Amino acid sequence: MSATDFAIDVAGVTKKFGGKTVVNAIDLQVKRGEIYGFLGPNGSGKTTFIRMLCGLLTPDAGSGTCLGYDVLREQAEIKRHVGYMTQKFSYYEDLSLRENLDFIARIYDVPDRAGAVQRSLDRLGLANRSAQLAGQLSGGWKQRLALAACLIHDPQLLLLDEPTAGVDPKARREFWDEIHTLAAGGLTVLITTHYMDEAERCHRLAYLAYGNLLTRGTAHEVIASAQLTTWMVSGPDLRDVAAALRTHDGVEQVVAFGTTLHVSGRDAQKLDAAIAAVRDPRHEWKKIRSGLEDVFISLMDAARDNFA
Amino acid sequence: MTPRRFTFHRLWAIVMKEFIQMRRDRVTFAMMIGIPLMQLMLFGFAINSDPKHLPTAIRAADQGPFARTLVAALRHSDYFSLVREAQTEAEAHNLLQLGEVQFVINIPEDFSRKLLRGEQPTVLIEADATDPAATGPALSAVRAIANSVLDRDLTGSLARLRAKDGPLNFSIHAHYNPENITQYNVVPGLMGVVLTMTMVVITSLAITRERERGTMENLLATPVRPFEVMVGKILPYIAVGYIQVTLILVAARFLFGVPMVGSLPLVYAVSLLFIACNLAMGITFSSLASNQLQAVQMAFFFFLPSILLSGFMFPFRGMPEWAQWIGTCLPNTHFLRIVRGILLKGNGPAEILPEIWPLLAFLVIAMTIGVKRYRQTLD
Ligand SMILES: Nc1ncnc2c1ncn2[C@@H]1O[C@H](COP(=O)(O)OP(=O)(O)OP(=O)(O)O)[C@@H](O)[C@H]1O
Ligand SMILES: [Mg+2]
């Protein structure tokens, strides 16, 4: 194995589809044992980037290594040590769970195949469903099967593309516990998600929009670097307040959260001015810490101005 | 440990998977057995039917008693239905040309005279042999009818005319179909047709199906090699091909009584090559097509010339040169010759060798295109 500390270390990775740049010169470094969250709106290029990492797509530009193997030349080696869970379920619906796992185990020539299949069924709680056809499983169980299958060859890097889309909260929590256990054991995980709670469970994050990497770091760093000011308002007639606020310069987001409104903007002075204009003694105003979601939406709006 | 190398465990993984999927896909599996059975029944029925009452024209230049006896006997046989009397040769030909009659029986002017002199007059039977299955039985019946009937008339002093080889000669002109395919020709030929049809269609779906269902992305993310996928998908269907070959051979022997002069193991050995050709073709289509419908269309595009230009439907030598060229490129053409050669003429390895090379060449080319076209990435 290579001595590098990074499981993923790429620079300038670019992909174009018919003249449209879908991934634009992305640099990314992911340490071994880290859970790295990959966020971004639909169509921002997350899936495309992951496919380039595991050799499914050839980058148009860029270079780097994945597990110490060159992403351009040593794709075959990379494939042997990476577990890739596709966004769309991509195991055989007309094969049973056990047959699917057995197939993957054979492909990777896993030692003690029968034992490995059984252990993976047990660990993910799939054992009593092992004879069921994959096509008959509900969405959540399909995800479990997919996770089991991409772990069976003991990979060093997991690439998970929206593994928890459509999965219920409890199952999602179990899934994340599993991911953390695996990471604690030294596995590196790159995971895409649209859920903010999941983003916060990652060690570090990157946010992508229109193929550009806009920010990265820990959740705290990401929020701090965004320099977003957020106020929370509570009181009566919040709909009117929201409508009034939206007409003011410097108010970028007005979002209803239950019985409160969150009002954010990057320019604190303009935001204060706007709030002063609509302020009314019936409402209680409080400055709060911006959330990841506020930050991401703000980033996306800014990106739209810059790139779209 | 270079991952680029072909490995058996990955090949075997694909083979096992395909077997399971084949078993689960009951409809397709039923088709693979059903199609040969159906074709056997359809073609077999046409072959087995012994058509009677075929429209026949008589051109009798001699109206003497012997000629009348012959005509009456033919009329009474089940095979001929004397619908017309032609006066001139031109008229007779016209009837044949238009398909109004299947046969023209020409009784020469000097029929009775020659018969009485023991000179064995020649009766010319012209047949429209476009459909040899129709004319064959009638033609073989005519000799027997004439001889037995005239033998009855040739009594007393005329008995000496009952020559060993009959009192008269028949000269048969088969028009329009020089090669004269017989029933024995069709059933062995069916083997190539059935295999082409089922093998190409089924495997043409093999890779497009993975692509359409999204399982391809997963497969590509594993270390599996294109050659392993191709061969892994071909092997299980070779077994299916052998089931079909066996089915047809059994039917040929016991249902249709096709003689089997040559070596059956040789037939099986050559079938392996031919099945592989078709599977490679299917897999290649599969790697070219972007969806399953396209794949099936391509398979049909291949199937039609294989049935029409291979010498199965029409005699190969009767086809225009360009059609023969196309036919020469098709594996079915060579396979038909091999199987007919082995079964009917008792050909051995030496005789069929000239037809083996084209099959090998086809296999290598199809396989190469397939592996080349199989995309290792999603680009
Ligand atoms: N094979 C392809 N050919 C052409 N365009 C493509 C191809 N694959 C993806 N794209 C385009 O690239 C862009 C990025 O797609 P990608 O699937 O990477 O987005 P994503 O971030 O994964 O989105 P989502 O969150 O919806 O999964 C989209 O505009 C998509 O239409
Ligand atoms: Mg995606």
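The values are calculated or read from the model by the stated rules, or taken from the named source; none is laboratory data. Here the structure is a predicted model, which means the values were calculated and not measured. Here the Cβ is made from the backbone with ideal geometry for all residues, glycine too, and neighbour counts use every protein chain on show. Side chains included, ligands, DNA and RNA excluded: accessible areas come from the protein's heavy atoms. Shrake-Rupley method; radii C 1.70, N 1.55, O 1.52, S 1.80 Å.
Residue selection: A:Thr21 fails the criterion of being within 14 Å of another protein chain (Cβ to nearest Cβ) and either within 16 Å of ligand 2 (Cβ to nearest atom) or over 17 Å from the mean Cα position of the chain (by Cα) (or both).
Residues in segment B:336-369 that are farther than 28 Å from B:Thr203 by Cα and open to solvent by 40 Å² or more (accessible area, probe 1.4 Å): B:Leu344, B:Lys345, B:Pro349, B:Ala350, B:Glu351. Here is a check on your reading of the model: is A:Gln75 surrounded by fewer than 17 Cβ atoms within 10 Å (Cβ to Cβ) and either over 23 Å from the mean Cα position of the chain (by Cα) or closer than 19 Å to B:Ala221 by Cα (or both)? Here the answer is no, as A:Gln75 does not meet what is asked. Summed over segment B:1-50, the residues that are at the interface with chain A (Cβ under 9 Å from one of its Cβ atoms), over 30 Å from A:Gly55 (Cβ atoms) and modelled with pLDDT under 85 give a count of 1. Of the helices (runs of 4 or more DSSP H) lying entirely inside segment A:159-238, the ones with 2 or more residues being within 16 Å of ligand 2 (Cβ to nearest atom) and modelled with pLDDT of 90 or more are found at A:196-200.
Which one is surrounded by the fewest Cβ atoms within 10 Å (Cβ to Cβ) among residues in segment A:5-16 that are away from ligand 2 (no atom under 14 Å from the Cβ) and within 14 Å of another protein chain (Cβ to nearest Cβ)? Across segment A:5-16, the extreme among qualifying residues is A:Lys16.
If the condition is being open to solvent by 100 Å² or more (accessible area, probe 1.4 Å) and part of a loop (DSSP other than H, G, I, E, B), then segment A:277-308 contributes A:Arg279, A:Pro281, A:Arg282, A:Arg289. Somewhere in segment A:100-112, is a residue crowded, with 21+ Cβ neighbours inside 10 Å, at the interface with chain B (Cβ under 7 Å from one of its Cβ atoms) and within 21 Å of the chain's Cα centre (by Cα)? Taking every residue of segment A:100-112 in turn, none turns out to be crowded, with 21+ Cβ neighbours inside 10 Å, at the interface with chain B (Cβ under 7 Å from one of its Cβ atoms) and within 21 Å of the chain's Cα centre (by Cα). Apart from one condition, A:Leu95 fits all of (1) buried (at least 20 other Cβ atoms within 10 Å of the Cβ); (2) within 16 Å of ligand 1 (Cβ to nearest atom); the exception is (2). Among the residues of this structure, A:Ala206 counts as one that is within 16 Å of ligand 1 (Cβ to nearest atom) and either within 12 Å of A:Ile35 (Cα to Cα) or buried (at least 22 other Cβ atoms within 10 Å of the Cβ) (or both). Hey, does segment A:157-167 have a residue that's away from ligand 1 (no atom under 16 Å from the Cβ) and not hydrophobic (A, V, I, L, M, F, W, C)? Looking through segment A:157-167, none of the residues is away from ligand 1 (no atom under 16 Å from the Cβ) and not hydrophobic (A, V, I, L, M, F, W, C). Screening A:Leu133 against (1) under 20 Å from A:Phe175 (Cα atoms); (2) facing chain B (nearest Cβ under 9 Å); (3) aliphatic (A, V, I, L, M) leaves a single unmet condition, (1). Restricting attention to helices (runs of 4 or more DSSP H) lying wholly within segment B:275-371, give those where 1 or more residues are farther than 28 Å from B:Gly257 by Cβ. By residue number, B:292-308, B:321-329. Pairs linking a residue in segment A:88-99 that is free of Cβ contacts under 8 Å to residues at least 60 places away in the same chain and within 7 Å of chain B (Cβ to nearest Cβ) to a residue that is basic (Lys, Arg) and open to solvent by less than 10 Å² (accessible area, probe 1.4 Å), with Cβ atoms under 8 Å and 6 or more positions apart or on different chains, are A:Tyr92/B:Lys17; A:Leu95/B:Lys17; A:Glu99/B:Lys17.
Just one of the numbered conditions (1) more than 16 Å from ligand 2 (Cβ to nearest atom); (2) over 29 Å from A:Ala11 (Cβ atoms); (3) more than 14 Å from every other protein chain (Cβ to nearest Cβ); (4) open to solvent by less than 40 Å² (accessible area, probe 1.4 Å) is not true of A:Ala148: (3). If you filter segment A:26-48 down to residues that are open to solvent by 10 Å² or more (accessible area, probe 1.4 Å) and more than 15 Å from ligand 1 (Cβ to nearest atom), you find that the one that is farthest from A:Arg201 (Cα to Cα) is A:Asp27. Among the residues of segment A:50-75, those identified as within 13 Å of another protein chain (Cβ to nearest Cβ) and within 16 Å of ligand 1 (Cβ to nearest atom) are A:Ile50, A:Arg51, A:Met52, A:Leu53, A:Cys54, A:Gly55, A:Leu56, A:Leu57, A:Thr58, A:Pro59, A:Asp60. Of everything in segment A:244-276, what is among the hydrophobic types (A, V, I, L, M, F, W, C), in a helix (DSSP H, G or I) and loosely packed, with under 12 Cβ neighbours inside 10 Å? Give them in sequence order. If the condition is that a residue be among the hydrophobic types (A, V, I, L, M, F, W, C), in a helix (DSSP H, G or I) and loosely packed, with under 12 Cβ neighbours inside 10 Å, then A:Ala276 is the only one that fits. Only residues that are open to solvent by less than 70 Å² (accessible area, probe 1.4 Å) and either on the phi > 0 side of the Ramachandran plot or in a helix (DSSP H, G or I) (or both) were counted across segment A:115-128, and they come to 8.
The number of residues in segment B:239-271 being buried (at least 16 other Cβ atoms within 10 Å of the Cβ) and under 20 Å from B:Val364 (Cα atoms) comes to 3.
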